[in-house]
Amino acid sequence: MIVDLPDTTTSKVSKALVKIREEGGAVALGRVLTLVIATHLGEEEEAIEAANDASREHPMRVIVVSTEEERSSDGDGRVDAQIRVGGDAGASEVIVLRAYGATASDEEGLVTGLLLPDAPVVVWWPGLAPAVVSKSPLGRIATRRITDASAQPDPQEALRHLAKTYAPGDTDFAWTRLTLWRAQLAAVLDQPPYEPVESVEVAGAADSPSTVLLAAWLSLQLQVPVQHDLTSRATGSSGIHGVRMARRAGIIELEREIPNIARLSQPNQPTHDLSLPRRSLRDCLAEELRRLDPDDLYGEVITKGLDQLEANDLGVGTTA
C-alpha cells in the first residue's frame, strides 16, 4: 500500500503512520533499527529496493530523505511525503520525504520526529556523501554511517578523504564488497604448507576503490610488500581482477577473468573455479546492518593500512 501526502509536515506523516497501523493492520512492532537513506530527487528507487530486500533479514523503518542536487535556500520550501507499507515495503515501512527549497537544508529536523524510539539509527548515502559524514546533520544522530567511494567522482581520492575524516561508526561499501575475497584468501592461507607469504600483487580496475582496500588489508595483515596495479582491461572488466601471493613453495593466484567466476591456482594442486560474484547493493547493505557497533578492522585498514601501502614506495601502476 502506498499513501501520498503532498505538501505535508513530519507531524502529519507520523499521524498518518498511526492511522495506517490502526486501520490497516500494518504494524511497526519488532523493528530493530531505523535506516535513513540520504539521496537526490529521482535517485531513490534503487536504494529503496535494496533496503526492502535487506529488511527481510533486518526488519526496520526506512526513511528516505530526497533533496534537490542543487539546493536552494530561496523561496518557500515544502515536503512531499509518501508512506509505503505491506507488499510495497518488504518487511519494513518506507517513508519517502521529498524536500524542496529551504526545507531541504534541515535534514535532521525532517527525520527526528519519525525515528523509532530506543532503536539505533543507520544512515546510508548511496550517492554523493557529505565532506565529513560523522559531522553532517544526519551523521551526528547515527550509530553507523555508510558511504560508497565507488559512487564518488574520483573513487581513489574519496578513499584518501575517508581516511582523513574517519570516525568510529563509519564504513564504506568498497570495504563490504571485499568480504568474499577476504574469506577466500584467508581460507587458502589456512591450508598446508603454512609457509609465510613473501610478497603480494593485487590488480583491479582503475575505478575500483575495493582493489586499493584489499591491498591495504593484505599489507596490514601479512606485513609484506604489496604491489597494487590499477588497469583498464580490454574486456572492460571492472572491480578486482586478481591477487597473486608468493610463498617459497610457489605462487598462489586467485584471478577473476570473467564475471562471477574466479580461478584459484596453487602449487601441487589442481586448478579450481570458484563462485566469486560482484556483490549487489542488497548484499552489501544487509551485511552492514548485521553489526551496529564500529567496524574496528575497517578503521585500521582505512587509516593505518592505506598509509602503510603508500609507505611501500611501490606506487600505483595505471595503464590503458
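The values are calculated or read from the model by the stated rules, or taken from the named source; none is laboratory data. Please read all numbers here as calculations on a predicted model, not as lab measurements. Using ideal geometry, Cβ is built from the backbone for each residue, glycine included, and neighbour counts are taken over all protein chains shown. Heavy atoms of the whole protein, side chains included, go into the accessibility calculation; ligands, DNA and RNA do not. Shrake-Rupley method; radii C 1.70, N 1.55, O 1.52, S 1.80 Å.
Odds and ends about this structure:
- One residue alone among ILE251, ILE261, ILE240 is in contact (Cβ under 8 Å) with a residue 40 or more places away in the chain and either surrounded by fewer than 17 Cβ atoms within 10 Å (Cβ to Cβ) or closer than 30 Å to VAL123 by Cβ (or both), and that residue is ILE240.
- Being open to solvent by less than 30 Å² (accessible area, probe 1.4 Å), at pLDDT 95 or above and over 30 Å from GLU44 (Cα atoms) is a property that ALA286 lacks.
- Looking across region 198-214, the residues that are farther than 20 Å from GLY250 by Cα and open to solvent by less than 20 Å² (accessible area, probe 1.4 Å) come down to GLY204, ALA205, SER208, PRO209, SER210, THR211, VAL212, LEU213, LEU214.
- Pick from region 246-257, criterion within 22 Å of ARG279 (Cβ to Cβ) and at pLDDT 90 or above, ranking: nearest to the chain's Cα centre (by Cα): ARG256
- Taken over region 163-188, residues that are in contact with a strand residue (DSSP E or B) (Cβ under 8 Å, 6 or more places away or on another chain) and open to solvent by 40 Å² or more (accessible area, probe 1.4 Å) amount to 1.
- Residue check for PRO225: in contact with a strand residue (DSSP E or B) (Cβ under 7 Å, 6 or more places away or on another chain), open to solvent by 10 Å² or more (accessible area, probe 1.4 Å) and in contact (Cβ under 8 Å) with a residue 60 or more places away in the chain: yes
- Hits in region 115-155 - residues which are over 16 Å from the mean Cα position of the chain (by Cα) and buried (at least 19 other Cβ atoms within 10 Å of the Cβ): SER136, LEU138
- Flag for ALA158 being part of a helix (DSSP H, G or I) and within 23 Å of GLY305 (Cα to Cα): yes
- Inside region 290-320, residues that are of a type in the set (A, V, I, L, M), at pLDDT below 95 and surrounded by 12 or more Cβ atoms within 10 Å (Cβ to Cβ) make up a count of 5.
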